[in-house]
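Everything below concerns the one structure shown next.
Just so you know, all these numbers are worked out from the coordinates, no wet-lab data involved. The structure presented is a predicted model; accordingly, all values stated were derived computationally and were not measured. Glycine also receives a Cβ, built like all others from the backbone with ideal geometry; neighbour counts cover every protein chain displayed.
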Amino acid sequence: MENSVKEKDNPIKIQDNTFRDGHQSIYATRMKTDDMIPIAEEMDHCGFHAMEVWGGATFDTMHRFLQEDPWMRPRILKKYIKKTPFAMLLRGQNLVGYRHYADDVVRAFVDKACEIGIDIFRCFDALNDYRNIETCVSSIKANGKHFQGVLCYSLTDIRLGGDVYNLGFYLAKAKELEKMGADSVCIKDMAGLLSPYDAYDLISALKKEIKVPVQLHTHYTSGMASMTYLKAIEAGVDIVDTCLAPFALRTSMPAVEPLVAALTGTPRASGLDLHKLIGLGEHLEKIAPNYKSYLADHKLSIIDTEVLAHQIPGGMLSNLASQLKEMKALHRMGEITKEVVQTRKDMGYPPLVTPVSQIIGAQAVLNVLFGRYVRVSNQLKDLVLGLYGKTPVPIDAELTKKLLKNYKLGQEPISGRPADLLQPEIEDAKKKLGDLGRNDEDVLAYILYPATMEKFLKAKYGVS
């Protein structure tokens, strides 16, 4: 162990993401609540720091594909998991949808999430523009819950450094989050880009600069994640995210079992019972055939070394592939991944995370198929206009002028907080939904997903 780890025991805390990001990453978020229940009680006795059970894409897929009420999952799991705090991933002003929602919606959503059992809110903004999490934060704090501020990790080059994503950038952002009242800070490495030695340097610097605990979330996509965790643990990281082995690796998180074994007998041993964890994995192996069709197995390799060059997260790659398949242009994938790199640079080097990753990816497809910026999506225009927030680097003035020419929402980028332009939404939604909106959960869900949720509510209440 490095000298930065104290001689006395300092056990690493482990958050389990099996019930949320694990199946989102490799099984298209299709895990049913019924398949979680058989091991839920045992998971509660493992000693995890927290369990991530909600947020991200779960709200969407549960009502759209599983015919489950998204609000019910935390409630059901709380019956079995009584000691371990529940965590969720919240996209700031985007909540769990794909656009910015008005402040009244954000406040009501956070209140409801607290009511149904969420204890820790991992709150991020796709551009690391923290004006977009202000309303979430005030509501989380008002409910007395844990606000975890997020650094969306991205790179200017293959390693940490360069003009944009350097040590100074992340330290400044972490201090900003601490000043906002963050109870902990999470490095969210959605594409598995954080290399082991960069992790050591980053965690070491963060531990000196901020007083709150530091958590590391990474994906196995590039093959570096387990090595990265070991170096981060040496540097003093407080908490890491893992999954049980059957739902780990590939584009998911590192597996918990080898990490527990590797740290046994060291000052940072987790204290988790390896044999119990292996037993829990056996249940996941039994149910795995139900989800096998969602597994991306078109390649022999379970890692994607190309991500080290193009930085495209696994979920974004699969979205691009399905989009291209529909357009009968899958053979042009190589051109498009190169174009994603250039489009991202044009758009001010945003991190490739939802919803910005989808916007950049869709525009890269248009650029390859029809010529660069010959066809421009309204979402990209909104990004240029500043409706998603401030990009890490300003977008070129000439390109801005070209892209916003005659745009109905404006030609001059805004400089204020994007949500200040949004009118309250809840009362209008109640009127539109009418008798289908039988409680505030129905109304909030409808605002997030109008078309699919209306269909779900009709089925739920037996309305033809």
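On the basis of the beta-carbon distance and an R0 of 51 Å, LYS286 and LYS431 show a calculated FRET efficiency of 0.60. Seen from ASN439, the other residues with C-beta closer than 13 Å to its C-beta sum to a net charge of -2, counting Lys and Arg as +1 and Asp and Glu as -1. Annotation: the residues ASP428, ASP304, ASP125, sorted from fewest to most other C-beta atoms within 10 Å of their own C-beta, follow the order ASP428, ASP304, ASP125.
So the label point goes 7 Å from the Cα of LYS276 along Cα→C-beta, right? Which residues of the range 81-122 then have their backbone N under 15 Å from it? Under 15 Å, as judged by backbone N against the label point of LYS276, lie 81-85 of the range 81-122.
Using Cβ point charges alone (K and R +1, D and E -1), the dipole size of the range 1-139 about the Cα centre works out to roughly 160 debye. Each residue in ASP435, ASP198, ASP111 was given a count of other beta-carbon atoms within 10 angstrom of its own, and listing them fewest first yields ASP435, ASP111, ASP198. Per-residue 3J(HN,Hα) values for the range 350-359, derived from phi via the Karplus relation 6.51 cos²θ - 1.76 cosθ + 1.60 with θ = phi - 60°, read x, x, 8, 9, 4, x, 5, 4, 5, 5 Hz in sequence order (x marks Gly and Pro). Counting only DSSP H runs of at least 4 residues, each contributing -39500 (n - 2.57), and dividing by the residue count of the chain, the helix-based mean residue ellipticity at 222 nm comes to -12500 deg cm²/dmol. Taking all Cα pairs closer than 8 Å and separated by 6 or more residues, the relative contact order of the range 13-294 comes to 18 percent. What FRET efficiency do you get for GLN342 and TYR98 if R0 is 25 Å and r is their Cβ-Cβ distance, rounded to the nearest 0.05? Rounded to the nearest 0.05, the efficiency is 0.60.
Using bins 5 angstrom wide from zero, how does P(r) for the range 293-435 break down, in % of all Cα pairs? Per 5 Å bin, starting at 0, the Cα pair percentages come out as 2, 8, 17, 19, 16, 12, 11, 8, 5, 2, 0.
Across the range 419-428, computed HN-Hα scalar couplings (Karplus, 6.51 cos²θ - 1.76 cosθ + 1.60, θ = phi - 60°) run 5, 5, 8, 8, 7, x, 10, 5, 4, 4 Hz from first to last residue, x flagging Gly and Pro.
Taking Cβ atoms as reference points and 10 Å as the exclusive limit, the residues near ASP104 contribute a net charge of -2, counting Lys and Arg as +1 and Asp and Glu as -1. On full extension, the segment bounded by GLU209 and LYS405 gains 66.2 nm, given 0.36 nm per residue less the C-alpha separation. Placing a label point 7 Å from the Cα of ASP420 along the Cα-to-Cβ direction, the residues of the range 97-130 whose backbone N falls under 15 Å from that point are 103, 130. Highest-first packing order for the peptide set 20-30, 199-209 is 20-30, 199-209, based on the mean count of other beta carbon atoms within 10 Å. With neighbour counts taken as other beta-carbon atoms within 10 Å, the residues VAL376, VAL443 rank, fewest first, as VAL376, VAL443. Positive-end ranking of GLN148, ALA182, GLN379 along the dipole of the chain, with charges on Cβ about the Cα centre, is headed by GLN379. Suppose R0 equals 45 Å; then what is the FRET efficiency for GLU412 and ILE37 from their Cβ-Cβ distance, rounded to the nearest 0.05? Once the sixth-power term is evaluated, E becomes 0.25. Look at where the Cα atoms of the range 32-70 and of the range 405-453 average out, and the two centres are 27 Å apart.
In this simple spin-label model, placing a label point 7 Å from the Cα along the Cα-to-Cβ direction at both TYR294 and HIS45 gives a separation of 2.8 nm. For PHE370 and THR264, the difference between the fully extended length at 0.36 nm per residue and the C-alpha to C-alpha distance is 32.6 nm. Based on the Kirkwood approach, the hydrodynamic radius assigned to the range 113-250 is 15.4 Å, with every pair of different Cα atoms included.
With each pseudo-label sitting 7 Å past Cα toward Cβ, what's the ASP9-SER464 distance in nm, one decimal? The two pseudo-label positions are separated by 6.6 nm. Under the combined filter of DSSP loop state and at most 13 neighbouring Cβ atoms within 10 Å, the range 44-109 retains these trypsin sites (Lys or Arg not before Pro): LYS79, LYS82, LYS83. Other residues with beta-carbon under 10 Å from the beta-carbon of HIS23 carry, at +1 per Lys or Arg and -1 per Asp or Glu, a net charge of +1.
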